[in-house]
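The block underneath contains the structure these notes are about, expressed in structure tokens.
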Amino acid sequence: MGGQIDPSERLRTARQARRWSLRDLEAEVAALGVVVSDSMLSQIEEGGRQPKSLDLVVAFEELFAIPVEAWTNFAALTRLLELRSKRAA
């Protein structure tokens, strides 16, 4: 996708580099005032869901230096490629 790295992959890699479990990440995010389940975090890491809360995206930026723009740009690019693929079919 034009050299962009999936922010979900960046999140998982950064979490694993710190040797945090999903529950550890849940606790770290909660310490920043954002409530999210480890199950939801797992879905985000797997790319099955996008973060719906700006507060959660900001928490990822604070914890792992994954910029807010990475989530919005990647989501928009993914959607654009899906639409182009459907039109070409």
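Taking region 9-24 as the range and being more than 12 Å from Glu45 (Cα to Cα) and assigned to a helix (DSSP H, G or I) as the test, the residues that pass are Ala17, Arg23, Asp24.
Here's a check for you: in region 26-48, which residue that is of a type outside the set (Asp, Glu) and in a loop (DSSP other than H, G, I, E, B) is farthest from Glu61 (Cα to Cα)?
Narrowing region 26-48 to residues of a type outside the set (Asp, Glu): 27, 29-37, 39-44, 47-48.
When the remaining residues are screened for being in a loop (DSSP other than H, G, I, E, B), the result is 32-37, 47-48.
On the way: Leu32: 11, Gly33: 14, Val34: 13, Val35: 16, Val36: 16, Ser37: 18, Gly47: 17, Gly48: 20 Å.
So, considering only residues that are of a type outside the set (Asp, Glu) and in a loop (DSSP other than H, G, I, E, B), the one farthest from Glu61 (Cα to Cα) is Gly48.
Whenever a residue of region 71-89 is farther than 22 Å from Leu54 by Cβ, its partners that are modelled with pLDDT under 70, lying with C-beta atoms within less than 9 angstrom and at least six residues away or across chains, give the pairs Leu81/Met1.
Could you say whether any residue in region 14-23 is charged (D, E, K, R) and at pLDDT below 95? No; the residues of region 14-23 include none that is charged (D, E, K, R) and at pLDDT below 95.
The values are calculated or read from the model by the stated rules, or taken from the named source; none is laboratory data. Given the structure is predicted, the values throughout are model-derived calculations rather than measurements. We place every Cβ from the backbone using ideal geometry, glycine too, and count neighbours over all the protein chains shown.
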